[in-house]
Amino acid sequence: LDAPRQVLCYGTFTDNHQLSARLWTESGFRMATSRFDHGMGLLEGGLLTPAIFALIIGIIAKQSTYAVLAAWLVANLRLGAFAIGWDTQWLGYLLPLEAMPYIRQATAAIYYLLTVALLIRLLRASNYTEHPRLLGLTKGSALLLLLCAALPGTIFWHAAGIIGVL
């Protein structure tokens, strides 16, 4: 800076990652905030709208597969936000930072469980009867990963890698 100025700094740290800093003007900061809000709105609206639509269809048709699809789409929203680093808030509300490692673990485990549940329901609907043991093992691995979500991060992510390979 060419002259002494007051600078606002804010940091949130939940994992060990590389740190970068950028000095913004007030208008640049407002533009970045607006861009972030716009991106989150697109991500949330783009997945919540079909999720609500699938849930309504499931209720009207009395088909639970649509409810699982709706939950899977919401899990996709959380996983997508996690993947791009925007998961510290949910529908505009800030999540507690100290809980973020466990929220991320639960997000991954629930997404895996819902993916398996949806896959099994769709296969059952198409009268797929082959490999029942493999489907049972996959179902069991999803439940095991969900239980592992309560473990510390280093253990969980290693377990997720192993379980995912099974």
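Taking the criterion of being among the aromatic types (Phe, Trp, Tyr) and open to solvent by less than 100 Å² (accessible area, probe 1.4 Å), the residues of the range 119-166 that qualify are Tyr128, Phe156.
Does Leu113 satisfy the criteria of being buried (at least 19 other Cβ atoms within 10 Å of the Cβ), of a type outside the set (Gly, Ala, Ser) and touching a helix residue (DSSP H, G or I) at 6+ places or on another chain (Cβ under 9 Å)? So Leu113 passes the test.
Just to be sure before I move on: is Trp24 part of a loop (DSSP other than H, G, I, E, B), among the hydrophobic types (A, V, I, L, M, F, W, C) and surrounded by 10 or more Cβ atoms within 10 Å (Cβ to Cβ) in the structure I sent?
Details: part of a loop (DSSP other than H, G, I, E, B): yes; among the hydrophobic types (A, V, I, L, M, F, W, C): yes; surrounded by 10 or more Cβ atoms within 10 Å (Cβ to Cβ): yes.
Yes: the conditions hold for Trp24.
For the condition assigned to a helix (DSSP H, G or I), surrounded by fewer than 12 Cβ atoms within 10 Å (Cβ to Cβ) and out of contact with any strand residue (DSSP E or B) (no Cβ under 7 Å at 6 or more places or on another chain), what is the one hit in Gly46, Gly41? None of the others qualify; the one that does is Gly41.
Residue-by-condition table, conditions (1) under 21 Å from the mean Cα position of the chain (by Cα); (2) acidic (Asp, Glu):
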{"site": "Ala21", "(1), (2)": "no, no"}
{"site": "Glu26", "(1), (2)": "no, yes"}
{"site": "Ala32", "(1), (2)": "no, no"}
{"site": "Gly58", "(1), (2)": "no, no"}
{"site": "Ala71", "(1), (2)": "yes, no"}
{"site": "Leu97", "(1), (2)": "yes, no"}
{"site": "Pro101", "(1), (2)": "yes, no"}
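Considering Ile60, Ile56, Ile103, the condition of being modelled with pLDDT of 90 or more, surrounded by 17 or more Cβ atoms within 10 Å (Cβ to Cβ) and assigned to a helix (DSSP H, G or I) is satisfied by Ile103 alone.
The values are calculated or read from the model by the stated rules, or taken from the named source; none is laboratory data. Predicted, not measured: the structure shown is a model, and the values here were computed from it. Ideal geometry is used to build each Cβ from the backbone, glycine not excepted, and the neighbour counts take in all protein chains shown. The protein model used for the area step is the full one, side chains on, heavy atoms only, and it has no ligands, DNA or RNA in it. Shrake-Rupley method; radii C 1.70, N 1.55, O 1.52, S 1.80 Å.
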